[in-house]
Every structure is written in C-alpha cells, then in structure tokens.
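Structure, as structure tokens:
Every read-out reported here was derived from the displayed coordinates using simple, explicitly stated rules and does not represent laboratory data. Quantities reported herein were computed from a predicted structural model and do not represent experimental measurements. All Cβ positions, glycine included, derive from the backbone under ideal geometry; neighbour counts span all protein chains shown.
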Amino acid sequence: FLSTKLVVMYAKCRSLREARKVFDEMPQRNAVSWTTMIAAYAKHGKAEEALKLFNEMKENGVEIDSFSFASVLPACSKLGSLDQTKRVHEEIRKRGIEDNVFVGSGLVGTYVKCGSLEDARNVFDKMPEKNVVSWTAMITGYAQNGKVSKARKLFDKMPERNVVSWNAMLAGYVRNGIVDQALRLFVKMPERNVSSWNAMIGGFSQSGDVKTALEFFEKMPSRDVISWNTMISAYAQNWDFNEALNMYRQMQEAGVQPNSATFASALPACANSAAVQQGKEIHDDFRRSGLGRNLFVGSALVDMYAKCGSIEDARKVFDKMPERNVVSWTAMIGGYAMNGNGKEALQLFKEMQRSGVKPN
RNA sequence: GGUAACUCAAA
C-alpha cells in the first residue's frame, strides 16, 4: 500500500505527528505500518505511547512478528519495569520467535535496563546465534553494573568487535572510574567515532581533569551536541560556572542545535552562581527552542530560580510541570526551606507524599 | 517497505 510507505517516510524524516496523521487516516493498516509507528514512538522516548499502540495492534488482530517485538522492547527499556518486560518475553516465547537474533538481543538489552542481569544472561546463553549486537548488549549490562572484569572477559571472547563494542567497553571503564584503562582502550581501538571521543571527555571530566577533557574536545575531528553538553557539564560539575556558560554560548555560535540535555547541563551553572539573569536567558532559549517540556529541564529550572532566590518563578515553573518526580519536588521544597519558609516547605512535603512520590 | 547494541543531562 502507498500509505504504508508514507508512514515509513514521515517516521524516517522524524516527523512523528505527520506519520501519526497518515497512520490514523489509513483505511487499512498492516503489520508494517503498525510497527513503523511503534518504533517511531520508541525512538522519540514516548514509551507509554509505543506500548499503547503495541496493545492496540494486538487488539486489532494484526499479526505480531519479530519486527514488532524488537520495536517495542526499547519502550520497555525506557519504562524499566521488569514485570512488563517479562510479560512481553512470555508472548515472545508463546509465538516461538525467541530465537530471532533481533528479538534476543533486544531482550538482553531490555533486561539489563530493567535491572536484571540474570535474566539478560539467561536469554544471552540460550540464543542459538549471537551477533555483535547481542554480545555488546551483554557487555554493556556487566559494564554498567560494576562488573567490569566480567564485561572485559566477554569483550575478549567475542568473535568480532565493531566500534560500538569498543565504545561499550570503554564506557564501562569510565562508569567505574577507571579512566586509565579507558584511555588504553581508546588508544588501542582500530577506529574511533564521535561517541568514543565523547566517552573519553566524560571520563576525564568525571575524574576532575577538565583540562584534558578540553584537550580532547578540541582535538576531536568533529563534535556533536553530546560533545558540547559533556563539556558544559564538565565545567559545571567542576565548579567552573563561568566556563560552563561560556561553552553554552560557544555552542550556539558554532550553530549546534541544543537538546534538552544542553539546558539541563547549563542551568545548574546559573543556579550555583546565583546568576538569575543568565538563567532567565537560558529559560527563554529553551522556550524558543521548541523542545517539549522535559522533567530534567523542569527540575533544573525550579532549582535555578530557587537557588537564585526567585522562589515565585520557581513555583510557577513547578506548577506547570506535567510530571514531577522526587528530584523536582526536592528542588522546590529545598527552595522554600532555603528561603526560610519552613511552613510552605512542610506543606509541599505532605503534598508530595499525597501525590504518591516517596521521599528519599 | 518496518526491528535490536555504545557516548551527554536535573535536587
């Protein structure tokens, strides 16, 4: 069908809305159009929507194949619910497609992100054929959960490696604070991409070596938005707030489109230096960016206004947030406490508990 | 014609 191709096209051009419009108006939807929409939502981080569509697909009696499962698994990863993932896994088993390498690798990664290394390893061991993606997903599982040597054993054992596998191992060393090993890999790897460089910059930043982080940033062949965000964070987290804001400005001059992480990285620099004027400018930039509301940016804004003493503005942002978690609540409550308004702080604390958010 | 793995962010 022609409209199926249209949905695919719009989804590829990352125009979710347009794709959905065509999808909704289609006279007949097949497995391809359903899967395309599910994958598009998952890619945009809209996990609930992806799962909703997946369930609707089942209700409509459309056949769910390995493509559909592999597409919905990233949404399960984002939700992080082990129960949800086990339910999907059960459906996969029932349909007898757990041997598919895309489905298997997806399951490994999803179990990792739901915090169950055991289930991940189980699926991994049972896979009749593994490819570089399956191996890399398993390595990431160990590497990101404090088991670097297990990760390294797998890494050395895997039949073939690509740049992503090298990056996964490198990131594992970084995550566990072993920057020298990360650097050793970085030097040794047969090819590097922008992610490899970004990971190293993050590693140096994490160990407090902003100087070397900057050297790598300047030396790398090309920089993407993550490179810039990492440097902004590097300065902000190492108490050089002016340089953080400087990087933010340079990024704009370089014509790089900021994303939500950019704002969430730059705002703490204003918060911690009580730079309310710059904070307001960044708030304006965010509104003008056309990026949708974001939990991280919302919390960073609340914290920025609160720490700058503009408690009213903090509350305005807080009230407009569509979703709040313990970080947003804590930022707001802390703001009132700092302001000497213990009464309002206490009241909000109770309100937070009433809304089902647990303090930590 | 649709699918899986790596790097950045808030109290």
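Is segment A:203-269 best put as rounded, prolate or oblate by its Cα gyration tensor, with a ≥ b ≥ c the root eigenvalues, rounded for a/c under 1.5, and otherwise prolate when a/b is larger than b/c, oblate when not? Each step should come with its number before you reach the end.
Values: a/c = 1.69, a/b = 1.10, b/c = 1.54.
Note, shape of segment A:203-269 comes out oblate.
Compute the FRET efficiency between A:Glu323 and A:Glu253 as 1/(1 + (r/R0)^6), taking r as their Cβ-Cβ distance and R0 = 35 Å, and round to the nearest 0.05.
So, using R0 = 35 Å, E works out to roughly 0.60.
What length, rounded to one decimal in nm, is gained on full extension from A:Val164 through to A:Asn30, with 0.36 nm per residue of separation minus their alpha-carbon distance?
Values: separation 134, 0.36 × 134 = 48.24 nm, distance 3.31 nm.
Taking 0.36 nm per residue and subtracting the Cα distance, the gain is 44.9 nm.
Among the chymotrypsin sites (Phe, Trp or Tyr not before Pro) within segment A:1-72, which fall in a DSSP loop and have no more than 15 other Cβ atoms within 10 Å of their own Cβ? Please list the in-between numbers first.
Numbers: sites: A:Phe1, A:Tyr10, A:Phe23, A:Trp34, A:Tyr41, A:Phe54, A:Phe67, A:Phe69; in loops: A:Phe1.
Hits after loop and neighbour filter: A:Phe1.
Around A:Val194, with a cut-off of 15 angstrom between Cβ atoms, what is the net charge of the other residues, counting Lys and Arg +1 and Asp and Glu -1?
0
So which GluC sites (Glu not before Pro) in segment A:180-245 pass both tests, a DSSP loop state and at most 15 other Cβ atoms within 10 Å of the Cβ?
Taking segment A:180-245 and a limit of 15 other Cβ atoms within 10 Å, the loop GluC sites (Glu not before Pro) found are A:Glu191.
Tell me which of A:Val62, A:Leu79, A:Ala50 sits at the most positive position along the dipole axis of segment A:50-93, charges placed on C-beta atoms (Lys, Arg +1; Asp, Glu -1).
A:Leu79
Can you give me the relative contact order of chain A as a percent, contacts being Cα pairs under 8 Å and 6 or more apart?
On the way: 488 pairs, mean separation 23.1, N = 360.
Rounded, it is 6 percent for chain A.
What does the C-alpha gyration tensor say about the overall shape of chain A? Classify as rounded when a/c is under 1.5, otherwise prolate if a/b is larger than b/c, or oblate.
Numbers: a/c = 1.70, a/b = 1.26, b/c = 1.35.
Oblate is the answer for chain A, as a/c is 1.5 or above yet b/c matches or exceeds a/b.
Quick check: the distance between the Cα centres of segment A:254-304 and segment A:66-122, to the nearest angstrom?
35 Å
Within segment A:1-62, which trypsin sites (Lys or Arg not before Pro) sit in a loop by DSSP and count at most 12 neighbouring Cβ atoms inside 10 Å?
Answer in residue order: A:Arg14.
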